[in-house]
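FYI, it's all coordinate maths here, none of it is from the lab. Here the structure is a predicted model, which means the values were calculated and not measured. In this analysis, Cβ positions are derived from the backbone assuming ideal geometry, glycine residues included, and neighbour counts consider all displayed protein chains.
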Amino acid sequence: MRKRRLAVTLLLLLPLLALVVPGRAYAEETETAPAPARNAVAEARARGELRWGNDSQGGAPYVFQDPMDPNHLIGFEVDFAAALAKKLGVRARPVQGQWDGLLELLARGDFDVVVNGIEVAEEKKRVADLSRPYYVAAMRLTVRKGDAGAPRTLTALRGRKLGTLPGSLAARLAEREGAEVKTYDGGQNDIYDDLRIGRTDAVLLDDPITLYYGAIDPALEVVDGSFGEVSYAVGVPKGDAETLAAVNGAIDELAKDGTLAALYARWGLWNEPTEKLLGGPAPPSTAVAEAHDAWRAAVGKPLPFWSRVTERYPATLRLFARGALLSLVVSVLAMAVAVTLGMALALARVYGPKPLQWLAVGYIELFRGTPLLVQLTMVYFGLPELGVTLSPFVAGVIALGLNYAAAEAENYRAGLGSVPSGQMDAARTLGLSKLASLRHVALPQAIRVALPPTTNDFIALLKDSSLISVVTLTELTKTYTSLASAMRDHLGLGLVVALFYLGLSLPFARLSRSVEERLGSKVRRPASA
Amino acid sequence: MSICVTDLVKRHPGAAAPALAGLCMKVPTGKIASVLGRSGAGKTTLLRCLSGLDPFDAGTIDVGGVRFGAGAKHGSFGGKIGLVFQTFELFPHLSVLDNCTLAPRIVRGEARARAEARAKDLLAELGIEDKAKAYPEALSGGQKQRVAIARALAMEPSVLLYDEPTSALDPALKHEVGRTLRRVAGTGVTQIVVTHDLPVAREASDLVFVLDKGRVAAFGPPDEVIAEAA
């Protein structure tokens, strides 16, 4: 019996999904649906800008927020993308995404190309095409200074804890050597922090990261020699031959005219394998790694907390405010979806005919019982397979709204359940229709009961909205993680972001309390004489 | 207006015997009828069918010459037959005045000012005009009952039903119920009172019906019927 019920529920869910989701299809946004014959470079030229995907949370020296002025993105790949776009005759516009999802976002049509330390590897070519490499990096091993037992060779890694980036060549290499690999999504700073405090025994990462995060830490030591090489290439949409050819041509020219050599030298990244790769002129021997020096000066030695508060944080406030605004707008709209749909589900479940009740129960169980991240991923990356491509904003609002509708439905059901059945009977004997009885008698009483849990849910939603960073939206949490990585400051900026979240949620908690008091006082008010 | 019930049948799903098995009763205009009977005799079922809360299976209900058959939908006599619940079921989120104006405004589309003026008149008639702005929780049992009566009367019903009107009241207040019934009868409304309370039935009603097994077992003036039953 139970099993049959489950099967029926599951069956009912399918048309429900079809009903709910494409019912909200935004036709005008389907133009970015991934067509097999995409020509990204032509699109970029028509638009006048090249949208290049990256994750600033990855940090220096690739793409990161200038620690001295976090409103600007800097990095050798920012310079590279600008030079590339210029060769293609357009402006460069960076678009944010989660690093390990950048190629999926490219396939979905959110970017024209990806420039963010994408390693040349077979598995990446399954999702996207890769240009000729524009940089070769050695892999470097970093250990704690003075750690006598530190692993200093690949074979010594067996059984030791090693930190690196997820999906990287370093991770695969270390796994092959039998190391216990720990990967980090947060930012490169975290990887070296964990090494310093002893959570890992060594870090294996590309030379640029090592130079900017490992080598500047006086407690760490970079082991001499290369542990392998990785090449970085530009990701272009799969099967897009025109874009691939245009990007390759542009890289060729940038290599030959010395632009790339000068650029790498400025960031302190010029090396022999890259010289061999590019085949062009070397940078002049007088070249100064000014960008690297600036980074060292900015973050090499952490400032005292109070100096950070007075000197560094004011410049971050605008970014935090922008992130907070996005979090708030997405949350409010998602809550509007959740409240409306939740109310409909609760009414269907409590007062609807049997099939509608089953549908409502199925919906609630499905959306309550599966992770929000899975739902968001399905809405954003899965629906395009059915021809529905939503903008990140709309996808975020819908996924959050659909998920929280399940919770709201249960709140309202509890509220409706708290209204005695005699109340509906009384309304009916007075001649009110069922709908009017609900609207004027049952719902006002139910809402009073449902208000506290609903406020609670809104505050939870406000925090869960941080998940929309996986669909390229830079909301409050993403703003924090990016800044923390760029400024090498997790604790201080963490306090700042906490204040912003409290600033968003406390007013709602207060509002809810005062509404409750007002509703409650009606009932408790003593009889007027 | 008079109410005439003919051969009313109601079966509850799964029950062996019908709750109402061809019940007949007639109450003339402006009269007060008490309905007595043991638990399970069909009193509550009769009220729910008469008030339109539950459908019935056969028979007719005739209110002032308008006849409703078994096909009549829920609430189709809404307004013509009112019901005062045992637990009153006042709307706790609305003031006394709003309790009395909700249905006239929503169902009959009456303007607020007119609905409120009529409601205030009704509350004054029942002696609780000073409670118009109070919320139900602040009222005593007797006051709640009179609000419930005013709320039902605001829809200008021809027939008003009461479910155990004395059960939620202090003994001292019980004689008040009889007075209230008389006051309402003065306006020409026909009233049917389901009760266990013999003294109230004897004092307040013109007619008494005794139910048994879904039928009227006895009826007549209170003195005769109640003397027989006792």
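In table form, for the structure just shown:
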| read-out | value |
| --- | --- |
| Most fluctuating residue given options B:THR187, B:THR195, B:THR101, as computed from a GNM of chain B linking Cα atoms under 10 Å | B:THR187 |
| Relative contact order computed over the stretch A:329-518 (Cα-Cα under 8 Å; 6+ residues apart), in percent | 24 |
| Cross-link pairs beyond the 30 Å C-alpha cut-off, checked among B:LYS10/B:LYS31; B:LYS26/B:LYS213; B:LYS10/B:LYS120 | B:LYS10/B:LYS120 |
| Between 0 and 90°, nearest 10: helix A:76-88 axis offset from chain A longest Cα axis | 90 |
| Overall Cα dimensions of the stretch A:329-518, principal axis frame, Å, largest first | 69, 45, 22 |
| Relative packing of peptides A:509-515, A:159-165, A:478-484 - highest average C-beta neighbours within 10 Å first | A:478-484, A:159-165, A:509-515 |
| B:CYS100, B:CYS4, B:CYS49 arranged by Cβ crowding within 10 Å, fewest neighbours leading | B:CYS4, B:CYS49, B:CYS100 |
| Relative contact order of the stretch A:135-231, pairs being alpha-carbon contacts under 8 Å that are 6 or more residues apart, as % | 45 |
| Ranked by how many other beta carbons lie within 10 Å on average, peptides A:219-232, A:82-95 from highest | A:82-95, A:219-232 |
| Entries in A:LYS145/A:LYS301; A:LYS354/A:LYS434; B:LYS144/B:LYS174; A:LYS124/A:LYS256 that, when Cα-Cα distance is taken, lie over 21 Å | A:LYS124/A:LYS256 |
| Neighbour-count ranking [beta-carbon atoms within 10 angstrom, fewest first] of A:LEU499, A:LEU303 | A:LEU499, A:LEU303 |
| Percent RCO, i.e. relative contact order, over chain A, from Cα pairs under 8 Å lying at least 6 residues apart | 18 |
| Cα centroid separation, the stretch B:140-177 to the stretch B:1-55 (Å) | 20 |
| Kirkwood-based Rg to Rh ratio, the protein assembly as shown, C-alpha trace | 1.20 |
| Proximal aspartates and glutamates relative to A:LYS238, as straight alpha-carbon distance under 19 Å, when same-chain residues fewer than 8 apart are discounted | A:GLU31, A:GLU43, A:ASP100, A:GLU104, A:ASP110, A:ASP112, A:GLU119, A:GLU122, A:GLU123, A:ASP129, A:GLU385 |
| Quarter of Cα convex hull surface for the stretch A:135-231, i.e. mean projection, nm² | 5.4 |
| Cross-link partners of B:LYS133 among aspartates and glutamates (Cα-Cα below 18 Å; sequence separation of 8 or more within a chain) | B:GLU89, B:ASP98, B:GLU116, B:ASP121, B:GLU125 |
| Which of B:VAL210, B:VAL9 has the fewest Cβ neighbours within 10 Å, and the rest in rising order | B:VAL9, B:VAL210 |
| C-alpha center-to-center spacing [the stretch A:454-500, the stretch A:371-430] in angstrom | 24 |
| Cross-link reach list, lysines versus A:LYS463, counting only Cα pairs under 26 Å and skipping chain neighbours closer than eight places | A:LYS478 |
